[in-house]
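Structure record follows, encoded as structure tokens.
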Protein chains: 2
Amino acid sequence: MKDATAPISTRDAILDATDRMLARYGYKKMTIDDLAKEVGIGKGSVYLHFESKQEIALSHIDRIVERLKTSLHATARSKVTPEKKLRKMLIDRVMMRFDSVQHYTQSLNELLAQVRPQLLERRKRYFEEEARMFASVLTEGKAAGVFKLKDPMETGRALIDATNALLPYSLSAWELGERAEIEKKTNNVAELLLNGLLKR
Amino acid sequence: MKDATAPISTRDAILDATDRMLARYGYKKMTIDDLAKEVGIGKGSVYLHFESKQEIALSHIDRIVERLKTSLHATARSKVTPEKKLRKMLIDRVMMRFDSVQHYTQSLNELLAQVRPQLLERRKRYFEEEARMFASVLTEGKAAGVFKLKDPMETGRALIDATNALLPYSLSAWELGERAEIEKKTNNVAELLLNGLLKR
DNA sequence: TAATGACTACAATCGTATTTTGGTCATATG
DNA sequence: CATATGACCAAAATACGATTGTAGTCATTA
């Protein structure tokens, strides 16, 4: 019922449409009929790709995090110093999320309220996977003698915890503040955290 | 309509009762009649101390933060190293809040939902005041040559941001996890932040 | 002068009729 | 034969009028 047979592009088209509908109407007022119409397929076809409306919304969020993970992964493997990697990764994890939801600020709270229990589960996974990526860079930096730390995974989790307050979750984007302000705050936190890691 | 003439103790008694009622019934089901009865005064007398039901709930939260601020202030003036002060203050700002709401975990979300807009305003103030206290310790540590940082106030704000994700706000306590887990996480974050500050 | 509780306006709740919509599946289509 | 579809249905959401409950006021009281 998931994909495999079905072309990825349709699934993606549905999620693209979801993003637009969410921005325009919010979660409750977005109907599957309208969504299908927006994509240009029949209602039943939507259910060839997703199990339920909730699953659509959650997959939409999944996709945002998936894209973030791709970016983090690329940064982690790039050819710069571990310090630069870490700084970019910290900022990206905040700003990519911000940019992904900025255009439907108003309806974000409603969406989150509707899927909170399930999302909570997934967030744990998201964070754990992100922590793992951070850990790999920490390990690299430690081996290179530029970072000083004990357990990479535990430190990775701490980096996640220390930047989580800046993510749009229960706090919608407008509650968090202007983009420039968030970026500034993220920079300051990242700076502090990096100083704590660097072997001076 | 606020206090001045009225004895502090009655106001406090109302807030004490509010804490109990909130734990037992939650915000909506807590009626002013019941609250007054719990305190042992007439309903009208409640309005001698507070302007509205919302104001009561907000004052209740204010009091929690007020107590925290008292504690932070005491720590900031105590006779230990700036490093120890800062670590204790970071942990206290998380754990005192956690302990203050732990006993009405279930109804916390509801309470927060009811007063969110007003609380948002106040939170800004809370955080700014806390940042100021942290800044004073940072300044002290800088002068003593144990901390290395640029702007104390800006760094203070970063410390607040970096620990905010661990506070019970939109995330209720049970969403955050067990007390021991939070404490562990807070410790790890505090450790990292302190390393970033210490001149090694 | 400070405290009270009867009082009121309005908000929340309820019961019911009506509409909308998430999800299914027999049928159509390529 | 495999995949897409939209008519269909049960269940949920909404509308609405009647009823109840409660926040906030204020004339009276002690």
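The values are calculated or read from the model by the stated rules, or taken from the named source; none is laboratory data. Small disclaimer: the values here were computed from a predicted structure and weren't measured. FYI the Cβ positions are ideal-geometry reconstructions off the backbone, even for glycines, and counts take in every protein chain you see. Please note that ligands, DNA and RNA were not included when accessible areas were found on the heavy atoms of the full protein model with its side chains. Shrake-Rupley method; radii C 1.70, N 1.55, O 1.52, S 1.80 Å.
Angle between the Cα long axis of helix B:105-143 and the longest principal axis of chain B, 0 to 90 degrees, nearest 10?
It is inclined by approximately 30 degrees.
Taking only Cα atoms, what is the 0 to 90° angle, nearest 10, from helix B:53-77's long axis to the longest principal axis of chain B?
30
Whats the longest run of chain A with zero GluC sites (Glu not before Pro) that are DSSP loop and have at most 13 other Cβ atoms within 10 Å?
On the way: sites that count: A:Glu51, A:Glu178.
The reported range is A:52-177.
Lys/Arg Cβ at +1, Asp/Glu Cβ at -1, dipole of the protein assembly as shown taken about the Cα centre: which of A:Met21, A:Phe127, B:Met30 is farthest positive-ward?
Most positive-ward Cα: A:Phe127.
Put a label point 7 Å from Cα along the Cβ direction on B:Glu66, then list its distances to the equivalent points in the other copies in nm, shortest first.
Sorted ascending, the copy-to-copy spacings read 5.2 nm.
For region A:22-27, in order, what is each residue's ³J(HN,Hα) by Karplus, 6.51 cos²θ - 1.76 cosθ + 1.60 with θ = phi - 60°, in whole Hz (x at glycine and Pro)?
4, 5, 7, 10, x, 5
Can you work out the Karplus-derived ³J(HN,Hα) for every residue in region A:189-194? Use 6.51 cos²θ - 1.76 cosθ + 1.60 with θ = phi - 60°, whole Hz, and x for glycine or proline.
Computed from phi, the couplings for region A:189-194 are 5, 4, 4, 4, 5, 5 Hz.
Can you compute 3J(HN,Hα) from phi for each residue in region B:88-102, using the Karplus curve 6.51 cos²θ - 1.76 cosθ + 1.60 with θ = phi - 60°, rounded to whole Hz and x for Gly and Pro?
Values per residue, Gly and Pro as x: 4, 5, 5, 5, 4, 5, 7, 6, 5, 5, 4, 5, 6, 10, 3 Hz.
Trypsin sites (Lys or Arg not before Pro), restricted to region A:87-151: which are DSSP loop and have at most 12 other Cβ atoms within 10 Å? Numbers along the way, then the final one.
Details: sites: A:Arg87, A:Lys88, A:Arg93, A:Arg97, A:Arg122, A:Arg123, A:Lys124, A:Arg125, A:Arg132, A:Lys142, A:Lys148, A:Lys150; in loops: A:Lys148, A:Lys150.
Sparse-neighbourhood loop trypsin sites (Lys or Arg not before Pro): A:Lys150.
One decimal, nm, shortest first: give the distances between the label point of B:Lys79 and those of the same position in the other copies, each label point 7 Å from Cα along Cα→Cβ.
For B:Lys79, the inter-copy label distances come out at 6.0 nm.
With all pairs of different alpha carbon atoms counted, what Kirkwood hydrodynamic radius in Å does the protein assembly as shown show? Working shown, then result.
Working: mean 1/r = 0.0430 Å⁻¹.
One decimal place: 23.2 Å for the Kirkwood radius.
Taking chain A as the reference, fit the longest principal axis to its C-alpha atoms, fit the long axis of helix A:152-164 to the helix C-alpha atoms, and give the angle between the two in degrees, 0 to 90, nearest 10.
60
Per DSSP H run of n ≥ 4, the term is -39500 (n - 2.57); total these for chain B, divide by its residue number, and report the mean residue ellipticity at 222 nm rounded to 500 deg cm²/dmol. Before the final figure, lay out each step's value.
Numbers: 9 runs with 157 residues, N = 200.
Counting only the DSSP helices, I get -26500 deg cm²/dmol.
On a 1.4 Å probe surface of the protein chains, which of A:Thr75, B:Thr139 comes out largest in accessible area, and what is the full order? List each step's numbers first, then the result.
Numbers: A:Thr75 10, B:Thr139 70 Å².
Accessible-area ranking of A:Thr75, B:Thr139, largest first: B:Thr139, A:Thr75.
Compute the separation of the alpha-carbon centres of region A:118-165 and region B:125-144 and state it in Å as a whole number.
So the two Cα centres are separated by 28 Å.
Could you pull out which residues in region B:68-93 have an amide N less than 19 Å from a spot 7 Å beyond the Cα of B:Val146, following the Cα-Cβ vector?
Residues passing the 19 Å test: B:72-93.
What translational D, rounded to a whole number of µm²/s, comes out for region A:56-200 from Stokes-Einstein when the hydrodynamic radius is the Kirkwood one over Cα pairs, at 20 °C and 1.002 mPa s? List each step's numbers first, then the result.
Values: Rh = 15.7 Å.
Estimated diffusion coefficient is 137 µm²/s.
Which residues' amide hydrogens lie under 5 Å from the amide hydrogen of A:Phe147, considering only partners 5 or more residues apart or on another chain, with H built in the peptide plane?
Placed amide hydrogens put A:Lys142, A:Lys199 under 5 Å from A:Phe147.
What are the label-to-label distances in nm, one decimal and shortest first, from B:Asp34 to the same spot in the other copies, with labels 7 Å along Cα to Cβ?
3.9
Write out the trypsin sites (Lys or Arg not before Pro) in region B:32-86 meeting two conditions: DSSP loop, and at most 10 other Cβ atoms within 10 Å of their Cβ.
Values: sites: B:Lys37, B:Lys43, B:Lys53, B:Arg63, B:Arg67, B:Lys69, B:Arg77, B:Lys79, B:Lys84, B:Lys85; in loops: B:Lys79.
Loop-located and lightly packed - B:Lys79.
Keeping all protein chains in position, work out how much accessible area A:Ser45 exposes to a 1.4 Å probe, and write it in Å² to the nearest 10.
Accessible area, nearest 10 Å²: 40 Å².
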